[in-house]
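So the structure is just underneath, and the comments pick up after that.
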């Protein structure tokens, strides 16, 4: 399946998930994780370009993706590059 193109202005706006705070929103840009961890996140709904909201910052990180809440260990959160977005 082809990946969506990333505009150059988006790539310089990426930050590590751990730089966000509770209430912040963003989209997943890249996952620097092992294949198994990345597959689990995709199965839970956190795929590339997925929009999320940080419910809780810190270990564990709690993200709201659509109507699902996902808990992430700090080590996993450090492997996620995101594009911050204005809240809804």
Answer yes or no: is there a residue in segment 25-35 that is modelled with pLDDT under 95, surrounded by 12 or more Cβ atoms within 10 Å (Cβ to Cβ), in a loop (DSSP other than H, G, I, E, B) and touching a helix residue (DSSP H, G or I) at 6+ places or on another chain (Cβ under 9 Å). yes
Count of residues meeting criterion [buried (at least 18 other Cβ atoms within 10 Å of the Cβ) and part of a strand (DSSP E or B)] in segment 53-82: 8
One residue from 72, 20 being at pLDDT 95 or above and within 17 Å of residue 87 (Cα to Cα): 20
Residue list for segment 38-52, filter: more than 18 Å from residue 15 (Cα to Cα) and either loosely packed, with under 13 Cβ neighbours inside 10 Å or in contact with a helix residue (DSSP H, G or I) (Cβ under 7 Å, 6 or more places away or on another chain) (or both): 39, 43
Just the residues that are in contact (Cβ under 8 Å) with a residue 24 or more places away in the chain, part of a loop (DSSP other than H, G, I, E, B) and either surrounded by 12 or more Cβ atoms within 10 Å (Cβ to Cβ) or out of contact with any strand residue (DSSP E or B) (no Cβ under 7 Å at 6 or more places or on another chain) (or both), please, taken from segment 10-24. 13, 14, 20, 22, 24
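The values are calculated or read from the model by the stated rules, or taken from the named source; none is laboratory data. Not measured: the values here are computed from a predicted model. For neighbour counting, all protein chains shown are included, and Cβ atoms are generated from backbone atoms with ideal geometry for every residue, glycine included.
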